[in-house]
4 protein chains.
Amino acid sequence: MQSQQELSSFFNETRTQSELICSFLETEDYVVQPIVDVSPPKWHLGHTTWFFEEFVLKPHQKNYKLFDDNSAYVFNSYYESVGDKVMRTNRGNLSRPTVTWVYEYRQYVSKAMQQFLATGKLSAEILSLIEIGCHHEKQHQELLYTDIKYILGNNPLFPKYNDQFKGHPIQDFKKEWLDIAEGLYEIGHKTDDFCYDNELGLHKAYLPEYQISNKLVTNAEFMEFIEDSGYNQVLLWHAEAWDWINENNIKAPFYWHKIDGEWHNYTLNGLKPVTPEAPVAHVSYYEAFAFAQWKNLRLPTEFEWEAAQEYFNWGSRWEWTESAYSPYPGYSKAPGALGEYNGKFMVNQKVLRGGSVATSEKHTRYTYRNFFHPNLRWQFTGFRLAK
Amino acid sequence: MQSQQELSSFFNETRTQSELICSFLETEDYVVQPIVDVSPPKWHLGHTTWFFEEFVLKPHQKNYKLFDDNSAYVFNSYYESVGDKVMRTNRGNLSRPTVTWVYEYRQYVSKAMQQFLATGKLSAEILSLIEIGCHHEKQHQELLYTDIKYILGNNPLFPKYNDQFKGHPIQDFKKEWLDIAEGLYEIGHKTDDFCYDNELGLHKAYLPEYQISNKLVTNAEFMEFIEDSGYNQVLLWHAEAWDWINENNIKAPFYWHKIDGEWHNYTLNGLKPVTPEAPVAHVSYYEAFAFAQWKNLRLPTEFEWEAAQEYFNWGSRWEWTESAYSPYPGYSKAPGALGEYNGKFMVNQKVLRGGSVATSEKHTRYTYRNFFHPNLRWQFTGFRLAK
Amino acid sequence: MQSQQELSSFFNETRTQSELICSFLETEDYVVQPIVDVSPPKWHLGHTTWFFEEFVLKPHQKNYKLFDDNSAYVFNSYYESVGDKVMRTNRGNLSRPTVTWVYEYRQYVSKAMQQFLATGKLSAEILSLIEIGCHHEKQHQELLYTDIKYILGNNPLFPKYNDQFKGHPIQDFKKEWLDIAEGLYEIGHKTDDFCYDNELGLHKAYLPEYQISNKLVTNAEFMEFIEDSGYNQVLLWHAEAWDWINENNIKAPFYWHKIDGEWHNYTLNGLKPVTPEAPVAHVSYYEAFAFAQWKNLRLPTEFEWEAAQEYFNWGSRWEWTESAYSPYPGYSKAPGALGEYNGKFMVNQKVLRGGSVATSEKHTRYTYRNFFHPNLRWQFTGFRLAK
Amino acid sequence: MQSQQELSSFFNETRTQSELICSFLETEDYVVQPIVDVSPPKWHLGHTTWFFEEFVLKPHQKNYKLFDDNSAYVFNSYYESVGDKVMRTNRGNLSRPTVTWVYEYRQYVSKAMQQFLATGKLSAEILSLIEIGCHHEKQHQELLYTDIKYILGNNPLFPKYNDQFKGHPIQDFKKEWLDIAEGLYEIGHKTDDFCYDNELGLHKAYLPEYQISNKLVTNAEFMEFIEDSGYNQVLLWHAEAWDWINENNIKAPFYWHKIDGEWHNYTLNGLKPVTPEAPVAHVSYYEAFAFAQWKNLRLPTEFEWEAAQEYFNWGSRWEWTESAYSPYPGYSKAPGALGEYNGKFMVNQKVLRGGSVATSEKHTRYTYRNFFHPNLRWQFTGFRLAK
């Protein structure tokens, strides 16, 4: 647990970072929502602010005056237990509140929070709430990157976001199989640093002997799969995956375009030729699984990943695992609205481990459990193989 | 036909008016598209400009340099025969080009058009194209009003557009039935002033004797229909209408909200109590028809409306008629892309006559044939009765 | 109006005919409903019987005992005002009541009706109800043919219905344009023979001079349209039609299959090569309209058709007209449930005139107004051209 | 592994049982498909027969003559790698082949199989194929019961299937928590008796100490959950489950109807009052999970179930577990078409353990892994709790 003073810095640094990410945008970019999974950037900025107002200032800061009585309504998200909310599909239809309003709202709440953190000693419970709020905002920072990428990368003009963003780091080391011995491994969060409730319930898992690759699958390898008609071989795919690729006419990772016979992909630096040696990104679990089938290999489980992670580099791609997202033994969700947070998604989602080039500093760790439906591709998702 | 000089003024006045309408908007308001029938205001501004560039400047102005090679792609609309187009459902997902870009594009094209109109004598064919372009832009001015109303009126904050807009004029005269004698009436456009091709084909229609109201149906009358459970009486409704009101849970005109037992409606001046004496607006053909059934009366045909129009006031509401939109005898559509304009919608739409408080000056006339699917309500649509 | 005795024969003949049509079916064919517009044959047999029980016997025959208290529920159709009904989409999910039950139900009601008609003098109102019931059943006889064709023709085994059915008569006479003079024509039903309410309201219509073909468009002509890529020329099609053919991948009339380079079509005699000289069948209004555009001709209005019909042969195809289905001047629907019959469909449908090879004897006449949504093709629909 | 002679008896007994199950049906009941998950009984009868013809007789019986060249097409199911197939949604639209045809097909193939089994010594590989075919048919016998229940139970007439079927056995013993010690447990199929490939890969799993109920949750307990507004407490439900119950208006287990204030349910014996002491059936995983949340308990994992199963009775309900369906360590799917069988469904499904009153004798065992999407309810699905 961080001290109150450390937390104050952590809060400031987090708030600034969100605004830095958006500093490359035009006003119009803040507004649109091309698909339901993508939220307008101004919504992310407002929602993360609303979180501090709703869960920290409103209940705990005496005489706190809401910035605006309607804000809660517009920026509530999945918290069904906290009043009304705007339908998720409807976020991109709201031109108001304006971007200027959102920045004023941020400033107002940030200042109130800074005063709150500077005045008197706060209880451990409140500090913990604020820490959750910061991590919550860091999570939305990752979504800001990936949602901005979606918004710009699906515009027919392919505008770039920023020349400096490094999205496709090269793994310049030799590919090897790492041997992991059979045994009982401890799984879950151990220290008293921050973690989400779904990492708790430290427990043992028995793993038979296995091997896991020290490298993520690369664009070059994935192009071989495409060349070998991987997308047309029905036996490589789950039944649902086969329907999905056919209904959506999927023939390559998301953001890939074949131009004059050469594969290009939209990156936050604009439309570029695909870098062969970089780890593949923007693939669904379905594609990761089919690729593994094609290689006669498989994806690791989340336990295998966690037990082996100290022996390989990770952090540029969220890595799909074979594990369905479900509670650890002894998991019990937090009471009330915050308890809605993780548990309610524990069905029909796959666990991803690692983190990505879009993940904020200090946000991920080796016990972190990300989760998405198996068809989603707008995150920087990749995978490594096991056998 | 206007002279070249008159047309030049007409052009300038038209272009200025579009920008005046948008001068009350925030940047964010220009971007969103809450439903497929509503286009983002910046799209209207760009599309009307593209029309002049694509159909006038590109083919007819020597050495004309396009403002930007991609603009045509983004602002083409239903003209399937002119290159690619952005899917209509996708207009609200495009944050770029920006609003600033669109205004620069407008200025560039307006200036080029002004020079074109100022230099040398243009052929009748070109003048006619420009006139069509101006009327096309006026048509989009009406859509600007109604689309802005939709965007703001469906925002949970109900922001107002502008205090000055007069949307609900009162008909302060006595209701009377006008008797129209049986006979052969001339229908269609007669003069050589501008009109759309769907008004041409001047022809005779035989009408039996009928009566038509000198007044539009009012909000007060429509509230009686609601009070009498009009929305629950199946026998008043077309089969498709019945499905439509039930699937969409329709219980009042669009923009109406019952607040503390009193009917309010969103207007361009903000959320206000309904004005009883004003003509009802934002009703579908289905609702107009059901109301008429409830009164044991009927809607006029478009020919009845045209034959009687000189005896009553019109112009504050587009008026639903019983007539399906189909070609006049002798109608032949213009060749090429412009010919796509009206003919391709001549199925499953109802004719509306009149004009509305949102219609631009000099845009409508008594032979003008507007048309919409029978369920649409975002225009200022009302109706009068006949028997 | 027929006498009571004539009506009794008419009733018997009608009832027998429905059963004759179904005598070529297997039990399983009576049950399925492949699309919502097609009803299971056993439903037609039950529904036409329910009509007599519900509207004649139940209210007018003293001490009449219902065959089964649940029958009304299962066989009610669009009569929203008469109790519950089984959702139209759900008819093909009901294995019970069985076919045997339906035939017993028919026999029970037919016998009760025969006794009712044989005993005492019935009022004109009741006789009229019975006459409507017979015509209603004749209408369903046509649907029996076309629904059976749909059920068998969409089975991958293409079973034939009956070798004797003559679906594709050849027009062995010369094609000519018939000149019809300008003038006022009387439209609507004149005699006191049976007609539907939508034919009433005898009125005058003014028609300018026009020409109409003495022949229906043939399969040979339609094949030319296909050869000339008619289905790919966007300017020939209504906007909705273009979406429709693309979404549904429509490239030929319904039931047509290209086998080894030659056009075949499923007929009630089985899968056969297309007969070039026969009138084209199973085309939508959209296709009829596009064909006319391609020829630089047009479809007649329903008034033009009625005014000219005495000069040409008709009766093998329902003929699409340009006219939208709407009430005649002076139309007023019957009160109560029977009044639901025709009026409630008077929107978004096109009028067809004539009759077809599937129409029962004495069912159609030159004032008969059939109507369908413009995309429907499972009836024997064709068209003739005008200019 | 059974001997060839044992297998021959097993085959005969299996084939007879399918026909016995259907002996209570009317011809019409064999044809309909009310939802995509339910197949027409005649399809089950044909498909299980096609399996023997396609995988045993066609490749392995010399000079075998197909009963009909089109049968494979109609009765192929999910085997994408074996020729064409009829879309699953389309099975209920096919009136042909008839029920009589299907029985003749069964007889022809059964006889050919009997001769094949009676003549000469068959290889282990072929015997294994036949054994799979029998188990495959037994699996469809369970579906026959549940699909027949769906077809009759959703008919507004609620016809009964058969008075003798025992669907709701009472657990007449005391409810107790069974304590299971922490430890490494062996999971998976051990003997050389028949099992499916998804049970193989015998492996160890570490389980912490846990408790599991000796009784299935009963109708009485589930009624308490309903009374306590369980279906309205958002925090009990997964996010997807909440959408699902609201979109589908779910307020009770499937087949339950409240009549005059009392809960009834459709059973294969007809519509009956709910038996309080019987185990609840026809609930989804979502409902099982929400019930457990409401009790502050949880569902067991499939490993917990398997490790504890020897201490409790099971077999009347398929029991939902918390485990997502995924491969055991070392799982490798069979090559070719048969390999499509289980692996392709290993995503987004939950494992069920046990068996049900509809399961055929000798079909289930304690290692058997059934799997369904978490919203499905037409099987006899129930659950027991753990903590």
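The values are calculated or read from the model by the stated rules, or taken from the named source; none is laboratory data. A quick note: this is a predicted structure, and the numbers were derived from the prediction, not measured. As a convention, Cβ positions derive from the backbone with ideal geometry for all residues, glycine included, and neighbour counts pool all protein chains shown. These area figures cover heavy atoms from the full protein model, side chains too; ligands, DNA and RNA do not enter into them. Shrake-Rupley method; radii C 1.70, N 1.55, O 1.52, S 1.80 Å.
When you look at D:LYS149, is it among the charged types (D, E, K, R), open to solvent by 50 Å² or more (accessible area, probe 1.4 Å), within 24 Å of the chain's Cα centre (by Cα) and away from chain C (no Cβ under 12 Å), yes or no? So D:LYS149 fails the test. Only one of the listed residues (C:GLN139, C:GLN115, C:GLN171) is of a type outside the set (Gly, Ala, Ser), farther than 30 Å from C:LEU200 by Cβ and in the same structural domain as C:PHE11 (by TED's automatic domain parsing). That residue is C:GLN115. Against the conditions (1) within 14 Å of chain D (Cβ to nearest Cβ); (2) open to solvent by 40 Å² or more (accessible area, probe 1.4 Å); (3) free of Cβ contacts under 8 Å to residues at least 12 places away in the same chain, A:GLY261 satisfies every one except (1).
Here D:GLY120, D:GLY92, D:GLY133 are screened, and the one residue that is within 14 Å of chain C (Cβ to nearest Cβ) and of a type in the set (Gly, Ala, Ser) is D:GLY92. Based on what the data block shows, is B:ALA205 surrounded by 15 or more Cβ atoms within 10 Å (Cβ to Cβ), part of a loop (DSSP other than H, G, I, E, B) and either in the same structural domain as B:TYR328 (by TED's automatic domain parsing) or modelled with pLDDT of 95 or more (or both)? When the stated conditions are applied, B:ALA205 does not pass them.
Given the options A:GLU142, A:GLU182, A:GLU176, A:GLU131, name the one that is closer than 28 Å to A:GLU306 by Cβ and surrounded by 21 or more Cβ atoms within 10 Å (Cβ to Cβ). Before you say what the answer is, go through the steps one by one.
On the way: A:GLU182 fails: surrounded by 21 or more Cβ atoms within 10 Å (Cβ to Cβ); A:GLU176 fails: surrounded by 21 or more Cβ atoms within 10 Å (Cβ to Cβ); A:GLU131 fails: surrounded by 21 or more Cβ atoms within 10 Å (Cβ to Cβ).
A:GLU142 is the lone residue from the list that is closer than 28 Å to A:GLU306 by Cβ and surrounded by 21 or more Cβ atoms within 10 Å (Cβ to Cβ).
All of (1) assigned by TED's automatic domain parsing to the domain that holds D:THR16; (2) not in a helix (DSSP H, G or I) hold for D:ASP147 with one exception: (2). Right, D:GLN211: within 10 Å of another protein chain (Cβ to nearest Cβ), closer than 30 Å to D:THR275 by Cβ and open to solvent by 40 Å² or more (accessible area, probe 1.4 Å) or not? For D:GLN211, the condition - within 10 Å of another protein chain (Cβ to nearest Cβ), closer than 30 Å to D:THR275 by Cβ and open to solvent by 40 Å² or more (accessible area, probe 1.4 Å) - is not met.
When the stretch D:113-138 is limited to residues that are touching a residue at least 12 places away in the same chain (Cβ under 8 Å) and outside any helix (DSSP H, G or I), the one that is farthest from the chain's Cα centre (by Cα) turns out to be D:LYS121. Just checking, which of A:ALA220, A:ALA241 is open to solvent by 30 Å² or more (accessible area, probe 1.4 Å) and modelled with pLDDT of 95 or more? Testing whether each residue is open to solvent by 30 Å² or more (accessible area, probe 1.4 Å) and modelled with pLDDT of 95 or more leaves just A:ALA220. Among the residues here, B:ALA290 does not qualify as modelled with pLDDT of 95 or more, under 21 Å from the mean Cα position of the chain (by Cα), open to solvent by less than 10 Å² (accessible area, probe 1.4 Å) and under 18 Å from B:TRP318 (Cα atoms). Scanning the stretch D:340-369 for residues that are outside any loop (DSSP other than H, G, I, E, B) and either modelled with pLDDT of 95 or more or out of contact with any Phe, Trp or Tyr (no Cβ under 8 Å at 6 or more places or on another chain) (or both) gives D:LYS350, D:VAL351, D:LEU352, D:ARG353, D:GLY354. For residues that are at pLDDT 70 or above and open to solvent by 50 Å² or more (accessible area, probe 1.4 Å), scanning just the stretch B:69-85, find the one that is nearest to the chain's Cα centre (by Cα). Per the stated criteria, the residue is B:TYR73.
All of (1) under 30 Å from B:ASN265 (Cβ atoms); (2) modelled with pLDDT of 95 or more; (3) basic (Lys, Arg) hold for B:LYS111 with one exception: (1). The residue that is farthest from D:ASN249 (Cα to Cα), counting only those in the stretch D:272-285 that are open to solvent by less than 10 Å² (accessible area, probe 1.4 Å) and not aliphatic (A, V, I, L, M), is D:PRO279. Residues in the stretch B:322-331 that are crowded, with 17+ Cβ neighbours inside 10 Å and in contact (Cβ under 8 Å) with a residue 40 or more places away in the chain: B:TYR325, B:PRO327, B:TYR328, B:PRO329, B:TYR331. For the stretch C:309-331, a tally of residues being acidic (Asp, Glu) and more than 14 Å from every other protein chain (Cβ to nearest Cβ) returns 2. Listed by first and then second residue, the pairs linking a residue in the stretch D:340-353 that is more than 19 Å from D:PHE55 (Cβ to Cβ) and open to solvent by less than 10 Å² (accessible area, probe 1.4 Å) to a residue that is at pLDDT 80 or above and basic (Lys, Arg), with Cβ atoms under 6 Å apart and 6 or more places separating them unless they lie on different chains, are D:VAL351/D:ARG369.
Restricted to the stretch C:152-173, and to residues there that are within 14 Å of another protein chain (Cβ to nearest Cβ) and of a type in the set (S, T, N, Q), the residue that is most open to solvent (accessible area, probe 1.4 Å) is C:ASN154. Yes or no: the stretch B:153-161 includes at least one residue that is assigned to a helix (DSSP H, G or I) and either touching a residue at least 24 places away in the same chain (Cβ under 8 Å) or aliphatic (A, V, I, L, M) (or both). The answer is yes; a qualifying residue exists.
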